[in-house]
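J.: Sharing a structure below in structure tokens format, with a few things to ask.
What follows draws every value from the coordinates through simple rules; no lab data is involved. What you see is a predicted model; the values in this text were computed from it and never measured. Note that each Cβ is placed from the backbone with ideal geometry, even for glycine, and that neighbours are counted across all protein chains shown.
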């Protein structure tokens, strides 16, 4: 009995309030702009430019779960449009309302599955057409174009724009897309030794192709392997692997001195600290390279000349560490486990993670630290 009651409870993982608000605002903006610019909240049987209820269901998918295969542009636009065509055809041929509605929804499901365009709101689109004989008599198959196709395209475009503005990705990445470094290699976290065909076969075998994309499956398997690897390293914490004797710089340190420190110590990162060792940010070597490249583009000189000019700039207006340091990025505490540290540096965007205690930097975990810890663990395991 307990398991029965438990099965009736929520099965979706807990989501942060920020993500819930982001999705809600997205739907508000999407439907608001679509209704204000393209379609009307009032039914217009002359032009057919009006909002329909299924657009609300489409908004849930597009703005709340944009990674779902059911929310992708093909599924949304083609699915809704095909369902509208089916609904109109059934409405014109069948007089009995119950049979008309049931047949329209059933056929819409079949057609969208065969066309790889499953989109749950499409069932509501077919039902809307079957329940609106007056609108169908007036608009005919034009109903599939406006409002259905036009409204869905508008929502998809707005969802893509909103995802970009809020740091999300829609449409989702395809498996064969270049990595974040612009090369043909996939991101490290997705190098799992399985081809796209094998991943697709896994999804089909477990009947999950409607719920998960190949790209997401690769990321999940990669993340799971990283998590399992961290377990095999034992209960290592950040304090066990971090570098403690740090070379830090002040916010006002000129970039010429920063470059000298990078060259002298062969570091890839330098923490920026304030009074009493309070952590302010970090400078990676790439920050210097990026700054020199931008200067080179402005001055129409080579990178080397621009870098020299950058370092020899007039002391009255020096470029300092505070001007290029990063204040974002992941941070850790001494008790942060390896299971958390590994994914932080797996995708190549982060070279080092500062370890803080009450706002003060007490160490830093670099890629070298992690590799050394994993190597030691492997040797101990083989021993």
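J.: Could you please state, rounded to a whole Å, how far the C-alpha centre of segment 138-154 is from the C-alpha centre of segment 66-130?
T.: 13
J.: Considering only C-alpha atoms, what is the centroid distance from segment 261-275 to segment 326-368, in Å?
T.: 15
J.: Sticking with this structure for a sec: 7 Å from Cα along Cα→Cβ at both residue 264 and residue 240: what's the point-to-point distance in nm?
T.: Result for the modelled spin labels: 3.4 nm.
J.: Here's something else I'd like to know. Sort 83-92, 7-16, 141-150 for me by packing, meaning the mean count of neighbouring Cβ atoms within 10 Å per residue, highest on top. List each step's numbers first, then the result.
T.: Working: 83-92: 24.5, 7-16: 6.9, 141-150: 20.2.
Per-residue mean Cβ counts within 10 Å order the peptides as 83-92, 141-150, 7-16.
J.: Any idea how far apart residue 276 and residue 33 come out in nm if each label point goes 7 Å out from Cα toward Cβ?
T.: Label at residue 276, label at residue 33, 4.7 nm between them.
J.: Still on this model: Report the gain in length on full extension from residue 45 to residue 7: 0.36 nm times residue separation, minus Cα-Cα distance, nm rounded to one decimal.
T.: Working: separation 38, 0.36 × 38 = 13.68 nm, distance 4.53 nm.
That pair, residue 45 and residue 7, stretches by 9.1 nm at full extension.
J.: Just to be sure I understand the model, the point goes 7 Å from the Cα along the line to the Cβ. What's the resulting residue 372 to residue 195 distance in nm?
T.: 4.1
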